[in-house]
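Here the structure is laid out as structure tokens; the discussion comes afterwards.
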Amino acid sequence: MKKFAVFFDLINQYFLSFILFIFPFFFLTITQEFFLTNKLYLLAFSSLFLLFISTIKFAVTKKISWQKGVFDSFLIIFLVSLVSSVIFSSPNKVQALLNPNFGLLTFFSLTILYFYLSRNKEKQTGHNLSLQILSTSSLFVSILTIIFFFQPFKNIDLPVSLQFLKTPNVNLFGSQLDLAIFLDFFVVFHIIQTLTPTNSIDKNEKSEKKSLIINASYLILTLTALFLTIYSLIKPITTNFNQFQPFSTNMPPFRLSWYTAVEILKNPVTAFFGVGVDNFSSIFTKVKDIAYNQSNLWQIYSFNYSHSAVLHLFAETGIFGLVTFFLFIFLIINQLMRVGSDRHLLLILFIYLLVRLFFFPPSLITWFLFFLLIAELSRLSRKDMVNHVSANSTKEIDLTELLPFYIATIIFSLIFIIGFGYLLARSYLSEYYFKKGIDGVAKNDAKQAYENVRQAIILNPFIERYRTNFSQLNLIIANNLASKATKDKPLSEQDKQNISLAIQSAISEAKVAVSLNDKKAQNWENLAQIYRNIIKLIQGADVWAISAYQRAIVVDPQNPVYRLTLGGIYYSLGNYDDANNLFIQAVSLKPDWPLAYYNLAWSYYQKEKYQEAVVSMENVLRFLDPKKDEIDYKKAKKELEEFKKKLPKEEEQSTQEGKTQPKLTLPSPIPTTIPEIKLPKEASPEAK
């Protein structure tokens, strides 16, 4: 039996080494997001495999072996805080489970990994084996980063699945910031390793020189890759705002991240449990202010992550999660002061990760390094404790005589592993089918897109982006069917029925997305856009569109775009009073937006308030650049002259230069070729 136990331990040890090595550069092109999604599922399936091997080992030996670790209890309490946040606060509990950067599956998988790594049996000379394995992996990451920087595939014909290799700044993490964090970590690691003498038993001048050369080579390569990554991050890039933006635009302002954390304290439930895992965007929209609308980020309606991982943790898990985390940090620091071997290395690496957690968003990569580090610290702490106490800390329970408990344990373990594995497989397959559906949209293959997105929803009906994409896809299908109609060949009754069903499906899917998370403004916006597309076709669709936009405004009250769009619906319906009020609100929320002033000018004009119309149109000219926005500027100037003709002789005002903005257009319903149809009353946004 002892040989079997050793055999299974070896399987786990080699498997752990393999996972550590492959994790940094593991990706697959069969999901919509190639990198983090696949890294998450790699960890999840690996953790289940480790549990399965341990179950087989238990079935053979009939013994439960347990080695207590210094961080075990706090890790479990931390997991409980996350579970509590999901149960009591998260609107969409499945997405809270699957969020790669801050979700239950991430922390569950990393906790399982921690338990096995912290109990990994290494030889006496095997200091920091886990870090050394990952360090070797980082070497390959560095080499590939350097290669990708020069875009070697730019002019090479590649298969469709590998076209992403032509993308500037492509990397193995999907995010330049994640890559920089990973490389930073190993730059620090290699610097310490280079400056610290080897602790090998057979230490001699030759081995020290060899070790120094290896660490110095690793350091040079990693530093080069890091330099190129940082350059890619800070160099100016052209965005869809037509301005130069640094990488920091991918993160919300630190000021608003702090406000989101404070905002949860206003409600007893959210104060203790947070707003819920995977629900940061709902609290961010509540704390946005005029200053945010004046920034270059204003067209990003919300963020899914805070600027700080610690503030994000506080916002989503509340006081319970934050206190647990800080107690955990205190325990780690306390243990770092006690451990005898490799104290300086682990301490410096831990301080580095702590700085990252305080000043950068939550990231699967950061958490992976964090758990790896505490697993190494726990292993060394237990090793030091055994050396001092001269006792084995392993507890072993023999269940040979307790047959019912033995069988029940095996059955429970297998049910959990198989059941959880089945659900994980369904979830991963849904990502696969959704990717195929997106590919179908790119190839204008409506059938492929429809069938695959539908299959993704069947496999995992709780993902909001599946629902919103499917709703939009159904509307596209309805328009495509309607476009077949000509004067000589009108639509058949079957075509009309199919169009009606597609529109009903579009509305139904958009409503499901809202029901999954009604605190997310984008879900209400999607529903409103569906209704807005069919205003001319369905009686009452205008009312439903207005209602959905009003709900979006309630959830995201500082968003000027929602008010402008809703005002546009009123304007197209001839309700110029309500349109005018909403345009005024849009202008007050973003006082430098020429499009809002343009719509406001025309609403005043329709109300025959010509003086106000002239002033608003002059503001349009004030915030347009005569050179960059030459066409819009000339258009607004010409219309201003027409407005002035409605006035008695009035004074004229000068114009000033402003920022580039979208082209000036009057609000109108989106044109469609779908014939008029009738929908049931249940299609309204308020219907349950």
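Coordinate-derived values only; no laboratory data. Because the structure is a prediction, the values reported are computed rather than measured. Counting neighbours? That spans all protein chains shown, and the Cβs are built from the backbone with ideal geometry, glycine included.
Fewest neighbouring Cβ atoms within 10 Å first, the residues Arg356, Arg563 line up as Arg356, Arg563. Using a cutoff of 8 angstrom between alpha carbon atoms and counting only pairs six or more residues apart, the relative contact order for region 2-398 works out to 24 percent. Quote the Stokes-Einstein diffusion coefficient, in whole µm² s⁻¹, for region 2-398, based on the Kirkwood radius over alpha carbon pairs, a temperature of 37 °C and a viscosity of 0.692 mPa s. For the chosen part, D equals 144 µm²/s. Helix 2-22 and the long axis of the chain differ in direction by around 40°, with both axes built from C-alpha atoms. Among the trypsin sites (Lys or Arg not before Pro) in region 9-92, those placed in a DSSP loop whose Cβ has at most 15 other Cβ atoms within 10 Å are Lys68.
Where only DSSP H runs of four or more residues are counted, the chain gives -22000 deg cm²/dmol as its mean residue ellipticity at 222 nm, each run worth -39500 (n - 2.57). Once the Cβ-Cβ distance of Thr196 and Lys646 is raised to the sixth power relative to R0 = 60 Å, the FRET efficiency obtained is 0.15.
Stokes-Einstein, applied to the Kirkwood radius of region 14-157 over Cα pairs at a viscosity of 1.306 mPa s and 10 °C, places its translational diffusion at 89 µm² s⁻¹. Axis of helix 72-88 versus longest Cα principal axis of the chain: the two differ by about 20°, to the nearest ten degrees. Counting beta carbons within 10 Å around each of Glu525, Glu263 and listing the fewest first gives the order Glu263, Glu525. The loop-placed trypsin sites (Lys or Arg not before Pro) in region 441-500, going by DSSP, that have at most 11 neighbouring Cβ atoms within 10 Å of their Cβ come out as Lys443, Lys487.
Between Leu79 and Ile351, what's the calculated FRET efficiency when r is the beta-carbon distance and R0 is 30 Å? Round to 0.05. Please list the in-between numbers first.
Working: r = 25 Å, r/R0 = 0.82.
Efficiency at R0 = 30 Å is approximately 0.75.
Normalised by the number of residues in the chain, the mean separation of alpha-carbon contacts (under 8 Å, six or more apart) gives a relative contact order of 14 percent. Hey, of (1) 29.8, 105; (2) 27.9, 86; (3) 29.0, 92, which did the structure itself give for Rg and Dmax of the Cα atoms in Å when calculated? Calculated Rg and Dmax of the Cα atoms in Å: the matching label is (1). Taking Cα atoms, how many degrees apart are the long axis of helix 576-589 and the longest axis of the chain, rounded to 10 and kept between 0 and 90? Value to nearest ten degrees: 40. 3J(HN,Hα) along region 360-366: 9, x, x, 8, 4, 5, 4 Hz, from the Karplus curve 6.51 cos²θ - 1.76 cosθ + 1.60 with θ = phi - 60°, whole Hz, x for Gly and Pro.
Compute the FRET efficiency between Ala5 and Ser217 as 1/(1 + (r/R0)^6), taking r as their Cβ-Cβ distance and R0 = 41 Å, and round to the nearest 0.05.
Values: r = 40 Å, r/R0 = 0.96.
FRET efficiency, Ala5 to Ser217: 0.55.
Tell me which trypsin sites (Lys or Arg not before Pro) from region 531-561 have a DSSP coil assignment and no more than 15 other beta carbons within 10 Å of their own.
Values: sites: Arg532, Lys536, Arg551; in loops: Lys536.
Here the sparse-neighbourhood loop sites are Lys536.
What ranking of His344, His312, His307 emerges when the number of other C-beta atoms within 10 Å of each C-beta is taken as an exposure proxy, fewest first?
His344, His307, His312
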